[in-house]
Amino acid sequence: MEEVPVGYDVLAVNSAIARRNRELLDSRGITAFNVMGAIGSGKTILIELAIQRLGNKYRIGTLAGDVVARIDAARFERHGVPTVGLNTGKECHLDAHLVEHGLSKLPLDKLDMVFIENVGNLICPADYALGEHRRVVVVSVSEGDDIVEKHPVIFSAADLVIVNKIDIAEAVGADADKMVADARTINPKLEVLKTSAKTGDGIGKWIEFVERGRRG
Ligand SMILES: Nc1nc2c(ncn2[C@@H]2O[C@H](COP(=O)(O)OP(=O)(O)OP(=O)(O)O)[C@@H](O)[C@H]2O)c(=O)[nH]1
Ligand SMILES: [Mg+2]
């Protein structure tokens, strides 16, 4: 049987474009955060809180990744920040090419930070570098407290893991400390925070991470 030649390595091409994105961001002095995580875990609200608390100190832009629609993009726009919505169609992750397109539409000369909200899931985004400087993974207690140990790959390459919605941990019978311990077992270098975007618990530490993560 004839073998079908594979024209190119998709991940290698992605990595090359990611490097180009990174060079572009570096040349403008912009720090980019790739915010990945489970569907509905709180990615958008955590970025909104960062915009609210840091928007008068840093010039922030956003890229809002979604399969379809621009609901999250509209949420960011309500804070008055430059935003580009990126629809992936059927794909379950952003890739560097889509981000390159998004960056070309942001006023990069007028920005200090870009938050990139990835598509909500814990599997596909892990393989696709976007050119970001910091990788954040958000999970919440409502996914069940075994969600971290079930998806080790995405946590192994993260800088920060946020276990969100701790205000409802008891109601959903989840042990947030177990989730924190699981993340640390996968990657002992990880920073791990417990937060509630509803009560404000731990949000100060998320903001501190963003400020520390900003390149000098
Ligand atoms: N109780 C509680 N609800 C929260 C918390 N954080 C977010 N939510 C709610 O969870 C829902 C999802 O929050 P989003 O910020 O939209 O989550 P997301 O990860 O961006 O969702 P997708 O982009 O759809 O994957 C919303 O109804 C939020 O109000 C929290 O800390 N506690
Ligand atoms: Mg969202």
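The values are calculated or read from the model by the stated rules, or taken from the named source; none is laboratory data. All of these numbers come straight from a predicted model, not from anything done at the bench. Cβ placement follows ideal geometry from the backbone for every residue including glycine, while neighbour counts extend to all protein chains displayed.
Being farther than 17 Å from N21 by Cβ, touching a strand residue (DSSP E or B) at 6+ places or on another chain (Cβ under 9 Å) and either modelled with pLDDT under 95 or aromatic (F, W, Y) (or both), is that true of even one residue in the range 94-116? Within the range 94-116, none of the residues are farther than 17 Å from N21 by Cβ, touching a strand residue (DSSP E or B) at 6+ places or on another chain (Cβ under 9 Å) and either modelled with pLDDT under 95 or aromatic (F, W, Y) (or both). Within the range 15-30, the set of residues being surrounded by fewer than 21 Cβ atoms within 10 Å (Cβ to Cβ) and among the polar types (S, T, N, Q) comprises S15, S27. Looking only at the range 162-178, decide whether some residue is more than 19 Å from G40 (Cα to Cα) and at pLDDT 95 or above. Checking the range 162-178: at least one residue is more than 19 Å from G40 (Cα to Cα) and at pLDDT 95 or above.
Scanning the range 64-85 for residues that are aliphatic (A, V, I, L, M), crowded, with 18+ Cβ neighbours inside 10 Å and either away from ligand 2 (no atom under 12 Å from the Cβ) or part of a loop (DSSP other than H, G, I, E, B) (or both) turns up V81, V84. Scanning the range 35-53 for residues that are surrounded by fewer than 18 Cβ atoms within 10 Å (Cβ to Cβ) and more than 6 Å from ligand 1 (Cβ to nearest atom) turns up Q52, R53.
Tell me yes or no: at least one residue of the range 36-54 is assigned to a strand (DSSP E or B), under 13 Å from the mean Cα position of the chain (by Cα) and closer than 18 Å to Y128 by Cβ. The answer is yes, given that some residue of the range 36-54 is assigned to a strand (DSSP E or B), under 13 Å from the mean Cα position of the chain (by Cα) and closer than 18 Å to Y128 by Cβ.
T199 satisfies every condition listed in (1) under 18 Å from A38 (Cα atoms); (2) among the polar types (S, T, N, Q); (3) touching an Asp or Glu at 6+ places or on another chain (Cβ under 9 Å) except (1). Across the range 162-209, the number of residues qualifying as in a strand (DSSP E or B) and not hydrophobic (A, V, I, L, M, F, W, C) comes to 3.
Selection of the range 93-113 for residues being out of contact with any Gly (no Cβ under 9 Å at 6 or more places or on another chain) and of a type outside the set (K, R) yields D95, H97, H101, S104, D109. Among the candidates D109, D127, D159, the residue that is in contact (Cβ under 8 Å) with a residue 40 or more places away in the chain, over 17 Å from N34 (Cβ atoms), surrounded by fewer than 20 Cβ atoms within 10 Å (Cβ to Cβ) and away from ligand 1 (no atom under 16 Å from the Cβ) is uniquely D109.
Picking from residues in the range 162-184 that are buried (at least 23 other Cβ atoms within 10 Å of the Cβ) and under 20 Å from V210 (Cα atoms), the one that is farthest from ligand 2 (Cβ to nearest atom) is A183. Hey, can you tell me all the residues within the range 111-161 that are within 15 Å of ligand 2 (Cβ to nearest atom) and more than 13 Å from the chain's Cα centre (by Cα)? Matches in the range 111-161: S140, S142, E143. The set of residues from the range 54-71 being away from ligand 1 (no atom under 11 Å from the Cβ), more than 17 Å from I203 (Cβ to Cβ) and in contact with a strand residue (DSSP E or B) (Cβ under 6 Å, 6 or more places away or on another chain) comprises G61, T62, L63, V68, R70.
For the range 94-105, does any single residue satisfy the condition of being surrounded by 15 or more Cβ atoms within 10 Å (Cβ to Cβ), within 15 Å of ligand 2 (Cβ to nearest atom) and in a strand (DSSP E or B)? There is no residue in the range 94-105 that is surrounded by 15 or more Cβ atoms within 10 Å (Cβ to Cβ), within 15 Å of ligand 2 (Cβ to nearest atom) and in a strand (DSSP E or B).
Taking the criterion of being part of a loop (DSSP other than H, G, I, E, B) and out of contact with any His (no Cβ under 9 Å at 6 or more places or on another chain), the residues of the range 117-143 that qualify are G120, A129, L130, G131, E132, H133. Applying the condition of being without any contact (Cβ under 8 Å) to a residue 24 or more places away in the chain and of a type in the set (A, V, I, L, M, F, W, C) to the range 42-100 and asking which residue is farthest from S142 (Cα to Cα) yields V84.
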